[in-house]
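Working notes, structure below.
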Amino acid sequence: MSLSNVFQVSSSAMSAQAMRLNAVASNLANVDSVTSSNGQPYRAKQVVFSATPMGDQGDASQGVAVLGVVESAAPLRKNYDPSSPFADTDGYVSMSNVDPVEEMVNMISASRSYQTNVEVMNAAKQMMTKTLQIGQ
Amino acid sequence: MASSLNTELTTLLKAMDVRVYRQQIIASNIANADTPNYKARDVAFQDALAEALAPQSPVVQAVALQTSSPLHFAGKSGGGDRYGTLKYRTEKQSSADGNTVDMDVERAQMADNSLQYETLLQFVNNRLSSMRTAISANS
């Protein structure tokens, strides 16, 4: 039944959007982080989406694959705080390069896309349920 | 009589298959609404149905059969472009990342497509129930 391809496609999109939402959560949580596990200031993370064929229908059913997570190359935010142990010789501390406005936009976009994919899935489910009732 | 019922059901079922195929395409478009450089696609329903109903088109939902003797039927394997050519949607507003999915268009098409599918289902059900009436008329 090729309707089940819709489930595959939508669920791949949902997990990709959930991953994007996860990256947004990390970025917003670390908006004021001065250092991270590698000793460098935290850099905003973005997930990269790619269309990938799913099921046996070739180009007709394309799901979403997450190619990877990239770090933002935007310049780090400089904060004047001479008393911090991370301050440089001029008294500036390099903070994360997370842009909260951009992250909020990303968050709204990811959650709306997630919801839309849930609706697509529900529509396919309804179609399948009605098909099962043929002749009853 | 039986053959005419069969013919009519076949047409309806093929039309349903094309609707399901189109639902997949629309689901793919919506799934890839945030994928850079993804181009939204669709099929023209009329062409797709014409191709699905064409006598030379492979059996819908066919699977390749496993054979262990040359006397076995090979079966027909499902081909790639069975329901017409996939076309690209014309974009109304360009986006910076090269994506051409317009969510309003896709949502509207999805609603339309699933409603049309349910209409076809209703036709099938009606056909079957009139057949049932016919065979139980004398009892």
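At a glance:
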item: Selection status of A:Asp90, under 30 Å from B:Met16 (Cβ atoms) and assigned to a loop (DSSP other than H, G, I, E, B); result: no
item: Members of the range A:32-81 found to be more than 8 Å from every other protein chain (Cβ to nearest Cβ), under 28 Å from A:Val101 (Cβ atoms) and of a type in the set (S, T, N, Q), listed by number; result: A:Ser33, A:Thr35, A:Ser36, A:Ser37, A:Asn38, A:Gln40, A:Gln46, A:Ser72, A:Asn79
item: Number of the exception - A:Gln136 against (1) farther than 30 Å from B:Thr133 by Cα; (2) assigned to a loop (DSSP other than H, G, I, E, B); result: (1)
item: Residues of the range A:20-45 classified as surrounded by fewer than 16 Cβ atoms within 10 Å (Cβ to Cβ) and within 30 Å of A:Ala124 (Cβ to Cβ), total; result: 2
item: Hey, A:Asp56 in a loop (DSSP other than H, G, I, E, B), under 18 Å from A:Met104 (Cβ atoms) and over 14 Å from the mean Cα position of the chain (by Cα) or not; result: no
item: Residue among B:Pro70, B:Pro58 that alone is more than 10 Å from chain A (Cβ to nearest Cβ), surrounded by 12 or more Cβ atoms within 10 Å (Cβ to Cβ) and at pLDDT below 80; result: B:Pro58
item: Conditions (1) under 30 Å from A:Val66 (Cβ atoms); (2) surrounded by 13 or more Cβ atoms within 10 Å (Cβ to Cβ); (3) modelled with pLDDT under 90; (4) in contact with a helix residue (DSSP H, G or I) (Cβ under 9 Å, 6 or more places away or on another chain); number of the one not met by B:Gly80; result: (2)
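The values are calculated or read from the model by the stated rules, or taken from the named source; none is laboratory data. All of these numbers come straight from a predicted model, not from anything done at the bench. Glycine gets a Cβ as well: all are built from the backbone with ideal geometry, and neighbour counts include every protein chain shown.
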